[in-house]
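These notes are about the structure you will find just below.
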Amino acid sequence: MALYENCDMTVFFSDEEPMAVYRCDVRIGDGTIVVSYDSENGTVVYRGNEVAPGHFKLSTLDVVKGRATLHCFEQSTRLEGTWQEDGARGMWYIDLSEED
């Protein structure tokens, strides 16, 4: 499983502040993806499966209740998608760091 640590995650909100940038870790491999980041309430972990090449559906139930999508082209270093989390929603993209 490929590990990308300390990636930039840019989040756009539909009805709040225009955007925010966080740090996250991403693991991708064997048709699965895991995105984790620290929030003021603890570590949030999204897990998901590849539903088509480069297309992932994710969800979390731990610190927050959320669901999301992420998409990427082959050989791309950016994942893009939508998210819904505890009643808020928006779009996000993750610029992958160098693979560890």
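The values are calculated or read from the model by the stated rules, or taken from the named source; none is laboratory data. The structure presented is a predicted model; accordingly, all values stated were derived computationally and were not measured. Glycine also receives a Cβ, built like all others from the backbone with ideal geometry; neighbour counts cover every protein chain displayed.
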Problem set entry | Those residues of region 78-100 which are within 14 Å of Val26 (Cβ to Cβ), outside any strand (DSSP E or B) and not hydroxyl-bearing (Ser, Thr, Tyr), in sequence order | Leu96, Glu98, Asp100
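Which members of region 86-100 meet the condition of being of a type in the set (Gly, Ala, Ser) and within 13 Å of the chain's Cα centre (by Cα)?
Keep residues of region 86-100 that are of a type in the set (Gly, Ala, Ser), which gives 87-88, 90, 97.
The answer is Gly90, and nothing else.
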For this session: Would you mind stating whether Lys57 is touching an Asp or Glu at 6+ places or on another chain (Cβ under 7 Å) and not small (Gly, Ala, Ser)?
Result: no
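Listed here are the residues, each with its yes/no results for (1) modelled with pLDDT under 95; (2) under 16 Å from Tyr4 (Cβ atoms).
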position: Ser36; (1), (2): no, yes
position: Tyr46; (1), (2): no, yes
position: Val51; (1), (2): no, no
position: Arg67; (1), (2): no, no
position: Ser76; (1), (2): yes, yes
For this session: Could you tell me which numbered condition Gly48 fails, if it satisfies all but one of (1) more than 13 Å from the chain's Cα centre (by Cα); (2) of a type in the set (Gly, Ala, Ser); (3) surrounded by 11 or more Cβ atoms within 10 Å (Cβ to Cβ)?
Result: (1)
Exercise. Among the residues of region 36-92, which ones are free of Cβ contacts under 8 Å to residues at least 12 places away in the same chain and either within 21 Å of Glu17 (Cα to Cα) or among the β-branched types (Val, Ile, Thr) (or both)?
Worked result: Glu40, Val51, Gly87
Problem set entry | Test: Glu5 is without any contact (Cβ under 8 Å) to a residue 24 or more places away in the chain, surrounded by 14 or more Cβ atoms within 10 Å (Cβ to Cβ), of a type outside the set (Lys, Arg) and closer than 24 Å to Glu99 by Cα | no
Exercise. Of the residues Asp100, Asp8, Asp62, Asp86, which single one is among the acidic types (Asp, Glu) and at pLDDT 95 or above?
Worked result: Asp8
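State all residues of region 57-75 that are surrounded by 12 or more Cβ atoms within 10 Å (Cβ to Cβ) and farther than 21 Å from Asp38 by Cβ; if no residue qualifies, say none. Please lay out each step first, then the result.
The first filter runs over region 57-75 and keeps only residues surrounded by 12 or more Cβ atoms within 10 Å (Cβ to Cβ), leaving 57-60, 62-72.
Once the filter is applied, which keeps residues that are surrounded by 12 or more Cβ atoms within 10 Å (Cβ to Cβ) and farther than 21 Å from Asp38 by Cβ, region 57-75 yields Lys57, Thr69, His71, Cys72.
From the set of residues in region 76-100 that are over 23 Å from Asp15 (Cα atoms) and small (Gly, Ala, Ser), which is surrounded by the fewest Cβ atoms within 10 Å (Cβ to Cβ)? Outline the logic, then answer.
So in region 76-100, the residues over 23 Å from Asp15 (Cα atoms) come out as 76-78, 95-100.
Filter once more, so that each one left must be small (Gly, Ala, Ser): 76, 97.
On the way: Ser76: 12, Ser97: 17.
Selected residue: Ser76.
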For this session: Please find, among Asp15, Asp25, Asp30, the residue that is out of contact with any strand residue (DSSP E or B) (no Cβ under 6 Å at 6 or more places or on another chain) and free of Cβ contacts under 8 Å to residues at least 40 places away in the same chain.
Result: Asp30
